[in-house]
Amino acid sequence: MFLIRTVFWLVILVLMLPTNEQQQSEVYGTAQAAVKDVSGFCERNPSVCATGKDAFAVFMHKARFGAEMLMSFVKGKTGFASGDGGTSAGAADMDTLQPPSADDTAPATAEEAGKQSSLDQAAVAEAAVESWAQAPVTVEPASVEATNSQNTLNPVDLLPAWSGPHPAGT
């Protein structure tokens, strides 16, 4: 099915290609005008570009945070550190993980606290969360008690489930 779709779109693309010199020059000129228009967009709309840059920065920040969280989860589940060449993470890795101190997450001065953008606040929140996001996850098997766990059902549990009235004639 993929091959049929690919062939279909390639046929459509070939049919849309210009065949003579005049059509080719029109397509080339239109492409040049479109590139010039797109390249001058930020000069005409600086506020839109600034907002777009901020939104992209927030997106990248969230994507990086999500990737780091996923990697720490995978490292914790597998027991492998990223740069140890396949050896399991040991107690030395646990010693290096320390929660950030209050000085690390606080702004330098009160003046800077009033000027923080949403990106700075997100960075502070990330620094606060970073300590637990990198903590390894330990999974232990459930313990099985040595006591006799058989015959623990009470009489109500042993009653058959209700099946409703029987149809007429049965």
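Inside segment 1-26, can you point out the residues that are surrounded by 10 or more Cβ atoms within 10 Å (Cβ to Cβ) and not in a helix (DSSP H, G or I)?
P18
Which members of segment 38-63 meet the condition of being among the small types (G, A, S) and touching a residue at least 60 places away in the same chain (Cβ under 8 Å)?
A57
Looking only at segment 27-77, which residues are among the β-branched types (V, I, T) and either touching a His at 6+ places or on another chain (Cβ under 7 Å) or surrounded by 12 or more Cβ atoms within 10 Å (Cβ to Cβ) (or both)?
Residues satisfying the conditions are V27, V58, V74.
No value in this document is a laboratory result; all are computed from the given coordinates. Model, not experiment: these values are computed from the prediction. Glycine gets a Cβ as well: all are built from the backbone with ideal geometry, and neighbour counts include every protein chain shown.
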